[in-house]
Amino acid sequence: MLWEAVTMALNIRPMTSADKTAIMHILRATPEFKPAEVVVAEELLDWHLQDPVGSGYHVLVAEAGGSVSGYVCYGPTPLTEGTWDVYWIAVSREGRGRGVGSALSGAAEGKIREASGRLVIVETSSKPEYENTRRFYVSKGYEEAGRIGDFYAPGDDLVIFKKQLSCSIAPAAGEAGCCCLNEPQSTCAQ
Ligand SMILES: CC(C)(COP(=O)(O)OP(=O)(O)OC[C@H]1O[C@@H](n2cnc3c(N)ncnc32)[C@H](O)[C@@H]1OP(=O)(O)O)[C@@H](O)C(=O)NCCC(=O)NCCS
């Protein structure tokens, strides 16, 4: 596949049931993911397909050259005001390092802003295999917000990243900083 050409034609769109096979292929071919994690990722996809609105799991895919090269699953964090979780993001091994993950996370953040989200949380592992993943989040403006040692397993910490979503418009004189929460959509940055 001519990746230089297809990356330029990248299309980020909502997942349909026809995309599931391709996403499962990506998940199973991702060495960072254990089989049990792939099972959980599949459950989230199925809940999304069964009830795209009510499930609380939103899924976007990146399509290039007619094939799915990555996906992101995200949703509002229950019992919070404007906090959202990115539950899963994965790009096919051959598609990595070409901006697909950036396009997916940027599109998810745009959708979260549209839904008046203000804070995005991502959880990952401290293991060396996730070094590139942690660098990816930092490059996208996420900062480490906390760690729980030995969370996943002895020697495998939970690393929590956060990103505050901001609006581009300046606050009015005398007002606190602009936040998308509860603002009319027209005032929020995309
Ligand atoms: C993490 C992941 C989604 C990134 O997707 P990607 O398409 O490769 O990322 P991009 O090409 O958009 O790169 C974005 C940034 O991340 C950095 N990055 C990406 N891959 C990198 C690598 N292998 N090493 C170092 N930095 C890397 C780039 O420097 C880039 O920075 P920039 O925006 O300043 O140029 C992808 O590598 C992946 O699927 N990893 C395995 C699954 C995973 O760990 N998922 C997250 C846990 S659920």
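Listing for the model above:
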{"quantity": "Percentage relative contact order, the stretch 3-117, counting C-alpha pairs under 8 Å, at least six apart", "calculated": "27"}
{"quantity": "Square roots of five times the Cα gyration tensor eigenvalues for the stretch 3-117, Å", "calculated": "22, 17, 13"}
{"quantity": "Solvent-free Debye scattering, log10 I(q)/I(0), computed from the Cα coordinates of the stretch 105-157 at q = 0.18 Å⁻¹", "calculated": "-0.68"}
{"quantity": "Members of K20/K127; K20/K163; K127/K162; K20/K140 lying beyond 23 Å, as alpha-carbon distances in this model show", "calculated": "K20/K127; K20/K163; K20/K140"}
{"quantity": "Intensity falloff of the stretch 8-52 expressed as log10 I(q)/I(0), Debye formula with alpha-carbon point scatterers, at q = 0.24 Å⁻¹", "calculated": "-0.91"}
{"quantity": "Per residue convex hull volume, Cα atoms of the stretch 49-129, in Å³", "calculated": "119"}
{"quantity": "Under 14 Å, Cβ to Cβ, from F161 - net charge with Lys/Arg +1 and Asp/Glu -1", "calculated": "-1"}
{"quantity": "Whole-Å semi-axes of the stretch 22-76's equivalent ellipsoid (Cα gyration tensor)", "calculated": "19, 16, 8"}
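Just so you know, all these numbers are worked out from the coordinates, no wet-lab data involved. Just so we're clear, the structure is a prediction, and the values are computed from it rather than from any experiment. Note that each Cβ is placed from the backbone with ideal geometry, even for glycine, and that neighbours are counted across all protein chains shown.
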